[in-house]
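Notes follow once the structure below has been shown.
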Amino acid sequence: YQRRVHGVFTDIQSSTELWDKVPAVMKEALSMQEKIIRKLIEQYKGYEVKTIGDSFMIAFHDVIGAINFCNETQKSMMYLEWPSELNALPMCAEVIGKDNKYIYRGLRVRMGVHVGEVDAQINSRSGTVDYFGTNVNVAARVESLAHGGQIIVSMPVKQDLETLSHPTILTYLGICTLKGLGEYDVFDARCKELEGREFPPPNQHAAVASTSVLDKVRELKKGYEICSSCSRTLKCSQCTGTKKGLLRVASHMHTNDSVRSGKSVLTDPNQMSAEILPPKHQVYNSNIVSYEATNSMEAPF
């Protein structure tokens, strides 16, 4: 069946380099990122569709929930107690703005938002919901245009925000070509607290190349095939940086036969569809992390 969904994709900038330089610190930092993102998904009534490595795919009922989630995530990330070893690295260093407040600190997360009709499918094994179709691909490609710490939205999202007179600051970034999807008008979106951030032009090369979150899934399978002799071991002496990252998630995919899925966190049954009833208790175990998801009500979309 089809649903109109505001899709959000997130990804950590320079994550491969960080895993190579400070793997133990990155493990702790990734856990911190996951906790704050999941807390905010619940706060803004979203639905965690899946995670792919350090990337999230999240669905929201409306544009207010989606954009407030993105802005709050960017702000919250600056005030987490990151390990000192992480903040000492150039790609995670503290940056103070003119008003003596942080404008960057810790992991840099890029985010993309798009809205449209998607095909919703229920996973027969886990009971969770996944989304497919052109608009999902557009959301992933829009995210790949962003730089760490930036939120980029598509024209339909911008129009929704303007209709509601939302205070988010929108700046036109131009027309960008998204791989296999054509040209799209995109906008930088940010709350007032993030006005001091400056970014280069959209990462057009990434959007045209196969570097979006969804494209990683295909690479993960290749990574596992390359390292099949490891038998799902996380560390492979024959793998260099990027392949290690791929193997980490590919082994997870092999174990669970799917990308790790998340949970419904909507708290008001009146706001959601009653068509789907996932299991009330789901446990996802892998060699990377143990993640327990509890669903106490119907999935929202």
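Tabulated results
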| quantity | calculated |
| --- | --- |
| Members of the range 150-177 that are open to solvent by less than 60 Å² (accessible area, probe 1.4 Å) and out of contact with any strand residue (DSSP E or B) (no Cβ under 6 Å at 6 or more places or on another chain) | 160, 161, 166, 174 |
| Filter result for residue 213 (within 22 Å of residue 77 (Cβ to Cβ), within 22 Å of the chain's Cα centre (by Cα), surrounded by 14 or more Cβ atoms within 10 Å (Cβ to Cβ) and modelled with pLDDT of 55 or more) | no |
| Cross-chain or 6+ apart pairs with Cβ under 8 Å, the range 70-81 first and closer than 16 Å to residue 161 by Cβ, then surrounded by fewer than 16 Cβ atoms within 10 Å (Cβ to Cβ) | 72/43 |
| Selected residue (only one of 155, 111 is more than 17 Å from the chain's Cα centre (by Cα), at pLDDT 95 or above, closer than 24 Å to residue 45 by Cα and not β-branched (Val, Ile, Thr)) | 155 |
| Test set (1) touching a Gly at 6+ places or on another chain (Cβ under 8 Å); (2) within 26 Å of residue 153 (Cα to Cα); (3) among the acidic types (Asp, Glu) - residue 99 fails condition number | (2) |
| Pairs, first more than 18 Å from residue 144 (Cβ to Cβ) and open to solvent by less than 10 Å² (accessible area, probe 1.4 Å) in the range 42-63, second basic (Lys, Arg) and in a loop (DSSP other than H, G, I, E, B), C-beta under 6 Å, six or more apart | 48/263 |
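The values are calculated or read from the model by the stated rules, or taken from the named source; none is laboratory data. This one's a predicted model, so the numbers in the text were calculated from it and none came from an experiment. Positions of Cβ are backbone-derived with ideal geometry, glycine not excepted, and every protein chain shown enters the neighbour counts. Accessible surface areas use protein heavy atoms only, side chains included; no ligands, DNA or RNA. Shrake-Rupley method; radii C 1.70, N 1.55, O 1.52, S 1.80 Å.
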